[in-house]
């Protein structure tokens, strides 16, 4: 390991009722990229928040360059050269790029008037962006940038504060595949420039590609460390969950009745020129792959009726279903588990019970009045079947972990016996153990005869779960691959809009 | 429920203080008058609460009172309509305005504040124009049945209070026990998630304005007969703010998705007792608004502090499971 830049030793942090970190240690060398992984709740964020000055440790020491460092506030951390790129970006989209980078440190002129020296700010901002390989004017309104570029602006901001250590918390969770590639290149560039990076991600594939070392946390303790040569999927998962995960992906017997659910000539408002047609068999999982922005979610939303399609036909069991609103879809037992569960999937301030019974509250009424007991029984049964971890069905959904929230969304639809279930990024922000459970549930449903359409940006997931894979590019369906034809290369080829690898129909 | 208990205790305390400082507070005449005022204000405040639950607001209530008061007087005295027809026309009219507000909010996607602010200005102007800016009224005599319904009393209980009790019970069931009520709260909390659950969120939100308008229509008739003289430029001014204040005191959040009928009724009562207190204790009536403003601010601040306290207490007790904390409570 290069000479240590950061040495964290014996950090302990107790939250009311929870020991979040228990004697955790971590070292980062100068110009080293350390991957930090662990399930949700393992203590990664707590540890990073301590380094970033957001919270303070109860015990333990932090040394930078061999000297004890007291990090009491966020500004302490910045002054010590620690930059923190949060998962949810802290940018102001009403300001321009330079204004974001120099927020609070704007170059000024005009003496007591303290006017912002815009030209200087723009040129200096552009210098930092160039270091990241980004050639955009400093005067660009931030709101016009893609999420990936906004993230680069945050990294540029850290660099402008002379950061020597940059913490990246789930930097790729909202990026497309090609943007992820770019970010990984940037990470390597920064390392070459001598900047150290702590890289947190649930996407284990990224670890092998950028990390010099992977540190694993489990239940608030150090669970182990993997050197450059030891980084592989199996080893990481074993350390994260403390055992081997078997049946990580489960394949089923495939379609029992093909063309059970058919979509013909569907046109969405986002891509009005493209017609999308495909079908899903009874008991089949059709993966829908593509880059972010390829129009996959729009297809899902059109089928589910929340954003009614411009044209097209949806057929279920050979009969045409007219869908103009989510009500229509629900009546036909076509359900959507949306991408953003906290915005669209759940009313997080309401209870587990209220969320589960929401789509068809009428069935829990007597004489038009909602009967709490009927609701509680139904919600309780669903929670038990899906093994939702919650103190009770009266707990507010926002107090549940991501995986359990996702199960509540599922419970909501399973209570209404689905025929078609559309999953949009079903495991986003969910930890490893819960992921495996969601896959198993998906497979169980397929085995029970549900037709499943799964949108995912994670190729691992698409390959591991799907019986067939449909691929979209800029609103159009560029190909459907049979299970034996599926490979990362074949999917990527179609996803970037090139002709299929092998001659296909 | 805790919120309601809190302001109910405050209401009782306030009543106790006022009655000790001035025994006239508990005289039959005063109590009757208070009940009458609480009734009139409570009915439209509940409507306001329904709109606030959907994260909306209705600023037009006071102007609607002026417009409908003027029209009611003209229908009865100048056009000699039979009173049931006039009442139906007035309430139907306010509901039509509510439908318009709802459509502008949900179909045209305008902000409720702006829609109803324009309503506040427009209806006031319309009332003054229609009445040629002259006061209208119902005279000292006549319209016996309607006047009795609006201003009379049953066994000493003033009719407006009776109306409030009936409407509060009905609205409690609607808001807290019906499917529609649950959807109102869901839409107010998170319209997207409600839509993704198959709820027709626009219809639900629009309907809240219609319900509010209907209740305002009923209140407006009671208020018109109570004042018995409707000066189109001054009648009903600030009433929408009383409604908002009552709803907020009663636990409604302007962010939507929160509130209860019982809370709103207690909030209304609290406001009226405050005004009564200013009156009885000989505080200059010019200070009335200042006292109300101070009390509402204090009330909301205390509530905020209590809520934070409760949250931190909950956190220390544990069971709020932080995602994947080592110690997990049992599965349900």
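The values are calculated or read from the model by the stated rules, or taken from the named source; none is laboratory data. This one's a predicted model, so the numbers in the text were calculated from it and none came from an experiment. Neighbour counts run over all protein chains shown; Cβ positions are idealised from the backbone, glycine included.
Overview of values
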read-out: Tally of residues being touching a helix residue (DSSP H, G or I) at 6+ places or on another chain (Cβ under 7 Å) and at pLDDT below 95 across the stretch A:189-200; value: 1
read-out: The lone exception for residue B:235 - which of (1) in a loop (DSSP other than H, G, I, E, B); (2) under 12 Å from the mean Cα position of the chain (by Cα) it fails; value: (2)
read-out: Condition met for residue A:158 (assigned to a loop (DSSP other than H, G, I, E, B), buried (at least 16 other Cβ atoms within 10 Å of the Cβ), modelled with pLDDT of 90 or more and touching a strand residue (DSSP E or B) at 6+ places or on another chain (Cβ under 7 Å)); value: no
read-out: Candidate set: the stretch A:395-414, residues that are under 16 Å from residue A:446 (Cα atoms) and out of contact with any strand residue (DSSP E or B) (no Cβ under 6 Å at 6 or more places or on another chain); chosen: the one nearest to the other protein chains (Cβ to nearest Cβ); value: A:411
read-out: Test: residue B:219 is away from chain A (no Cβ under 14 Å), under 27 Å from residue B:289 (Cα atoms) and touching a strand residue (DSSP E or B) at 6+ places or on another chain (Cβ under 8 Å); value: no
read-out: Per-region count, the stretch A:336-374, residues farther than 19 Å from residue A:306 by Cα, more than 8 Å from chain B (Cβ to nearest Cβ) and part of a loop (DSSP other than H, G, I, E, B); value: 2
read-out: Residue count, the stretch B:140-186 (criterion: at negative phi and not in a helix (DSSP H, G or I)); value: 8
read-out: Residues that are more than 19 Å from residue A:273 (Cβ to Cβ) and either under 26 Å from the mean Cα position of the chain (by Cα) or crowded, with 21+ Cβ neighbours inside 10 Å (or both), drawn from the stretch A:301-320; value: A:304, A:305, A:306, A:314
read-out: Filtered residue count, the stretch A:111-150, keeping only those that are free of Cβ contacts under 8 Å to residues at least 24 places away in the same chain and touching a strand residue (DSSP E or B) at 6+ places or on another chain (Cβ under 7 Å); value: 4
read-out: Residue match in the stretch B:199-211 (condition: within 11 Å of chain A (Cβ to nearest Cβ), in contact (Cβ under 8 Å) with a residue 40 or more places away in the chain, more than 15 Å from the chain's Cα centre (by Cα) and outside any helix (DSSP H, G or I)); value: no
read-out: Matching residues in the stretch A:211-238 - criterion: being in a helix (DSSP H, G or I) and buried (at least 20 other Cβ atoms within 10 Å of the Cβ); value: A:236, A:237
read-out: Which listed residue, of B:138, B:143, B:161, is crowded, with 20+ Cβ neighbours inside 10 Å and modelled with pLDDT under 95; value: B:138
read-out: Any pair with Cβ under 6 angstrom, 6 or more apart, that starts in the stretch A:325-342 at a residue that is over 16 Å from residue A:297 (Cβ atoms) and ends at one that is buried (at least 24 other Cβ atoms within 10 Å of the Cβ); value: A:325/A:305; A:328/A:305
read-out: Number of the condition not met by residue B:268 [criteria: (1) at pLDDT below 90; (2) under 21 Å from residue B:57 (Cβ atoms)]; value: (1)
read-out: Those residues of the stretch A:464-491 which are touching a helix residue (DSSP H, G or I) at 6+ places or on another chain (Cβ under 7 Å) and more than 23 Å from residue A:270 (Cβ to Cβ), in sequence order; value: A:465, A:467, A:468, A:481, A:486, A:488
read-out: Those helices (runs of 4 or more DSSP H) lying entirely in the stretch A:407-505 with at least 3 residues over 22 Å from the mean Cα position of the chain (by Cα); value: A:432-447, A:488-495
read-out: Candidate set from the stretch A:324-335 (those that are assigned to a helix (DSSP H, G or I) and out of contact with any helix residue (DSSP H, G or I) (no Cβ under 8 Å at 6 or more places or on another chain)); member that is nearest to the other protein chains (Cβ to nearest Cβ); value: A:327
read-out: Scope the stretch A:18-45; condition more than 19 Å from the chain's Cα centre (by Cα), closer than 14 Å to residue A:198 by Cβ and touching a residue at least 60 places away in the same chain (Cβ under 8 Å); matching residues; value: A:24, A:25, A:26, A:28, A:29, A:30, A:31, A:32, A:33, A:34
read-out: Condition met for residue A:434 (farther than 29 Å from residue A:239 by Cα and either surrounded by fewer than 21 Cβ atoms within 10 Å (Cβ to Cβ) or within 12 Å of another protein chain (Cβ to nearest Cβ) (or both)); value: no
read-out: Any hit, the stretch A:31-38, residues being modelled with pLDDT under 95, away from chain B (no Cβ under 14 Å) and surrounded by fewer than 21 Cβ atoms within 10 Å (Cβ to Cβ); value: yes
read-out: Considering residues of the stretch A:375-394 that are surrounded by 23 or more Cβ atoms within 10 Å (Cβ to Cβ) and facing chain B (nearest Cβ under 9 Å) only, the residue nearest to the chain's Cα centre (by Cα); value: A:388
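Let's see how each residue does on (1) closer than 30 Å to residue A:118 by Cα; (2) within 14 Å of chain B (Cβ to nearest Cβ); (3) surrounded by fewer than 22 Cβ atoms within 10 Å (Cβ to Cβ):
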| residue | (1), (2), (3) |
| --- | --- |
| A:24 | no, yes, no |
| A:41 | no, yes, no |
| A:69 | no, no, yes |
| A:92 | yes, no, yes |
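Rundown of residues vs (1) within 14 Å of another protein chain (Cβ to nearest Cβ); (2) at pLDDT 95 or above; (3) surrounded by fewer than 13 Cβ atoms within 10 Å (Cβ to Cβ), yes/no style:
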| position | (1), (2), (3) |
| --- | --- |
| B:261 | no, yes, no |
| B:301 | no, no, yes |
| B:319 | yes, no, no |
| B:330 | yes, no, yes |
